[in-house]
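Notes to accompany the following structure.
The values are calculated or read from the model by the stated rules, or taken from the named source; none is laboratory data. The structure displayed is predicted, hence computed values, not measured ones. Backbone-built Cβ (ideal geometry, glycine too); neighbour counts: all protein chains shown. Side chains included, ligands, DNA and RNA excluded: accessible areas come from the protein's heavy atoms. Shrake-Rupley method; radii C 1.70, N 1.55, O 1.52, S 1.80 Å.
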Amino acid sequence: MEYILGVLVIALLIAWVVLRDRVGRLEDRLSLSEGRLRELEALQKTSPVVVEEAIEKPVPAPIPESVFVAREQPKPIGPLPPPLPAYVAPVAPVAPVTPPGPSLPDRLRQKLGNEEWEALIGGSILNKIGAVVLVIGIALFLAYSFAYMRPAGRAAICIAGSLALLAAGVQVERRAKYRVFARGLIGAGWAGLYATSYAIYALPAARIIESPFAGSVVMLLVAAGMILHSLRYRTQAVTGVAYAAAFAALAATPSTPFAVVSLIPLAASVLYLANAFEWNAMALFGLVATYATCIARGDSNAPLASTQTLFLAYWVLFETFDLLRVRRRSLSGGIEWIFPLNAAAFLGLSYMAWAHHAPERLWLASAYAAALYLASAIVRAVVRPPSSFENGERLSARMRAGSYEGPLLFAAVLAALAVMGRVTGVWKSVGLALEAEIIYLAGVRFRATFLRRLGGGAFVVSLASVLWRNLPAEETSVLGRPVWNWTPPVLFHAFLFYVNRGLFRAHSAFTYGAAGLLMLVLGAECPAWLIGTAWLLLATVLFEIGSRTRLREFGIQAYLLGGSGAMMTALAHASGSPHRLWIPLAASLALVYGNVLRVRLAKGSESAALSTGKALATALLAVLLLWRTVPWDYVALSWCALAVVLFELALWKLPAELRAVSWCVAALGGAAVVITHADGFAKYPADAVSISWFGAALCAWAFTARLLSRREQTFLRDVAALVGVLFALPALWMVTPDVGVAVCWAALAIVWLELGSLLRVNSFRWLGSGILLPMICWELAVNLYDPHYRLIVASAGIGTCYYFWRRGGGLRIRAVFSLLGTLLLTALLYHEVSGGLLTVACAVEGVALLGAGFALRERVLRLQGLVLLLACILKLFLYDLRNLETIYRILSFVALGLILLAVSWVYTRFREHLRRLL
Amino acid sequence: MKRPVKLVLVALLFAGAGVLTELLADTAITRTFLGNAPAVLPFAILAALLCVRPPWLMPLVVVLHCAVFTGAVQVAVSLDSPVPQINMCVAGLAGGLGVALATAIGCRKLFRIRQLALLTATGAIAAIPFQIGGPDSLMPLDFAVWQGAVGTLLYALSER
């Protein structure tokens, strides 16, 4: 059954090939007709005159017929068939009006070469079907066992019949008219012979050859005859069918060694013909058939050396052919698939062989294969040098053309597999990295971008393998210290990256990669509280390298690393590292600020953003350092002091960007003073509280003093002074007894007033004046209720008010000060004098104010006196008249009346003087 | 980059190649050329890339290095001195001379008596640490020392 099926397949294959030729010719004719039609239409559109000329004259340059014939039959040996009508038909006259398109039957006929369908079926298709049926009949005859004829007889009959068919076909084919018919006979004759040659040793009913070797030789001889005969027509398809029969013979033979060895000359002959006639598709077919036949044979249990030698021979054959086509620069018929298919088949078969015979040395096979492909790459680089490609040609196009890149890629992958197969543990990564380095080095040496990129890619793969194989990580010991398994290979990669950059001027990406790797290692190996410091240290080293080598990339890396380091340090230490571990924090601060000084002292220039960043980092780390080192109660104060220090540094331009940062730190410190000591804000608090408040005030005034000395930023200066006062007032309240609070505040106010006068800073005077308000309030609310000290304290307050009144600037402010003094004095009288004499006392005060107003020529005082007298009158009638005892009532009325009269007399007597005063 | 730094980096590269040589070497097949070739390829390719001038001579130099390595191993295992260091020293001498001659094909500067003698002596001295089969053998370090020393000297002499 299998035999019949095989024969049927072969027959169908022959029929398919013949029909394919036919259809190919028809398609060519159709395309020619369409092309000519388009030309004529174009002529008609451009100029009617030209069209007419074209109608009268033959087409000036028709496509030569030989072109089309050559595509089918490059070098015809036998008589050529008569020219086909479509090729030589005169150009049909073109009508002025475009005629309607041909009908469907016409188009079909045109497609079939202007032959009637009936003639086509009867003359061609039936011929092929007949040939196939005849071959099947021969096969059935051979397989059928009957008593009247022995196998030799049946074989002889079949051979005779086949030869007769073949001879008839060859004879008839000489006549052009019967050519199609004759080819059917030839195909049937060879198919019959081939089937017979197979049957005489493979089928029991027809077996006359017992030796498989002899049987195979006979089959191969028939196939060789087919091939040689097919060459007469020089048609790729026909010769390909003949070769298919030959490969099928080798696939069917039971002698495996014979089959696999015979494949070599067969494949060589295919490649020879493919190379001679540029039958690229047939070469591809030969490759597939060779390896498919070999695979179909299965394992022969031959020694590894023999098997590998055979595969090597196949590989060399097809690789040589590919090299020849690369030199010929041929690129058609899918020929570019020869290389990858050959590689896939060779490597796959070799792998299976080594895996079966010596699995422990698979790495060696990979190494050998890598060497082979390296050699192939070198030869390709010679045959098709990179300079032969156009600049900017895509890699895929170059690889299709057979450049050295493809084999080199294979060599690199195979070498990597060899390393991975042989080497164990972390050394795998070291080996892969070295391979990548060698590839990259070759790229530098030969100035090949592809090699450099391949090396870079190999580095990536190597690194990926490090992490892939070592995660989750285990520890190992290096020089007595436990480190992660992947640390040494990663460091080795970083070393190689720097070597490439330093020795071979590699792309700056290498140093970025190396810095990233070092950062990774430091991050993994250091404890959390040390990572940032380590990164900062590395950043410092990179910065130094960058400034010495003048390579900008190191500077960028240093800044990136430094920023990350500072941030990491801040995060690690802000999230609660032990207090004792302040040294890394201090070291980080020193590194960051050292870099600032380094740039400043070297008179280097930096962008404002970088300087600001460094200033921020410095301040942040310093704040954290103080937080970690200073006792908690004094942290806020220390931040305030830090702000002063930073501000001072900013004034020295170390760097100037610290100025804004110092304000931020000062704000933080001030807020911290308030918040951290909120619970202890009370009279006579703990030392830390009062010291912090006083310290904050002093720090604020330090800002004021420095700004004052430089005569700049007056607004901030005044704000700082105000903030200082706001801290000083509560601080004084905390540490001073109630009786002394107002006195202290008054002293403070006087100090600011005098400072303002001395330095001619109005804002300071206003500040002093502002302090008076809380002082008055304090006295009114607290001191006047203290019977023991109120006289003294109120006197001090009143004295301060009148001092300000005397030292004050404008008229209005002086009026305010005097008003405050009067208010305070009146309040004092209210507390000191008993209810019955209060009206009299106030009246006396009013008279005194009037007198002072006259004496000092101060209208405000006089007005205050008058207002006070008016108030006394009101009190007299509204309050005293109803509530005082009679004696006091009388006294009050009498005294007030006299006083008013006296005042009136004074105003009348000194009217002229008053007019001048007014 | 300054020359000393460059030489240190090159020495480390060759030392890495030496480590790989040991890791790839198969003791069962080191007596054959094909068995040695994969192991010595890193050193050979590195030396060819760094020292050989005409590119077309590089494959030849690589093949010759593989052959030299095979020969040196043969020398080491065939000598029967009671002091193993002497065996290694002689093998290193042969290896150093062979490597120098092979590389000199692609770098004429090495083709002088003084240079060859220097490389030979370095090969011999650098091979002293080898102790084939010893229980405390540190083969990766041994090969690293030998290839690092010879390779760096090759590079230094060819660059001069």
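Quick look at the values:
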| quantity | calculated |
| --- | --- |
| Chymotrypsin sites (Phe, Trp or Tyr not before Pro) restricted to the stretch A:657-719 and DSSP loop, no more than 15 other C-beta within 10 Å | A:Phe681 |
| Gyration tensor verdict on the stretch A:509-548 (Cα atoms; rounded if a/c is under 1.5, prolate if a/b is larger than b/c, oblate otherwise) | oblate |
| Radius ratio Rg over Rh of chain B, counting only Cα atoms, Kirkwood formula for Rh | 0.95 |
| Rounded to 10°, Cα long-axis angle of helix B:113-126 versus longest principal axis of chain B | 40 |
| Principal axis dimensions, the stretch A:317-435 - Cα atoms, whole angstrom, descending | 44, 30, 19 |
| Order of exposure, largest accessible area first, which applies to A:Ser709, A:Ser692, A:Ser605 with probe 1.4 Å | A:Ser605, A:Ser709, A:Ser692 |
| Exposure of A:Asp718 as accessible area (Å², to 10), given a probe of 1.4 Å and all protein chains | 50 |
| Shape metrics for the stretch A:495-597, restricted to C-alpha atoms - Rg then Dmax, Å | 14.3, 47 |
| Label-to-label distance, nm, for residues given as A:Val645 and A:Glu832 (7 Å Cα→Cβ offset) | 5.3 |
| Cubic angstrom per residue, convex hull over Cα atoms of the stretch A:403-517 | 99 |
| Neighbouring partner chain Cβ atoms per residue of A:433-439, average, 10 Å criterion | 5 |
| Inter-chain Cβ neighbour average for residues A:355-364, partner chain, 10 Å | 2 |
| Over the stretch A:681-839 - Rg/Rh using Cα atoms and the Kirkwood inverse-distance radius | 1.03 |
| Relative packing of peptides A:540-546, A:176-182, A:33-39 - highest average C-beta neighbours within 10 Å first | A:540-546, A:176-182, A:33-39 |
| Buried area at the B-A interface (accessible, heavy atoms, 1.4 Å probe, summed, Å²) | 2400 |
| Estimated distance in nm for a label pair at A:Ala276 and A:Arg38, the labels positioned 7 Å out from Cα along Cα-to-Cβ | 3.7 |
| Relative packing of A:863-871, A:310-318, which averages over residues the other C-beta atoms within 10 Å, highest first | A:310-318, A:863-871 |
| Alpha carbon centroid spacing (whole Å) that separates the stretch A:291-331 from the stretch A:860-882 | 129 |
| The stretch A:716-790: trypsin sites (Lys or Arg not before Pro) in DSSP coil with no more than 12 other Cβ atoms inside 10 Å | A:Arg760 |
| Packing-based order for A:378-387, A:229-238, using average beta carbon neighbours within 10 Å, highest first | A:229-238, A:378-387 |
| Shielding score for B:39-52, defined as the mean number of other chain Cβ atoms within 10 Å | 4 |
| Stokes-Einstein translational diffusion, the stretch A:529-682 - Kirkwood Rh over all Cα pairs, 0.692 mPa s, 37 °C, in µm²/s | 206 |
| Estimated Rh, the stretch A:430-581: Kirkwood, alpha-carbon pairs, angstrom | 16.6 |
| Calculated FRET efficiency for the pair A:Thr736/A:His507, C-beta based, R₀ 56 Å, to 0.05 | 0.20 |
| Cα gyration tensor shape of the stretch A:759-918, rounded if a/c is under 1.5, else prolate or oblate by comparing a/b with b/c | oblate |
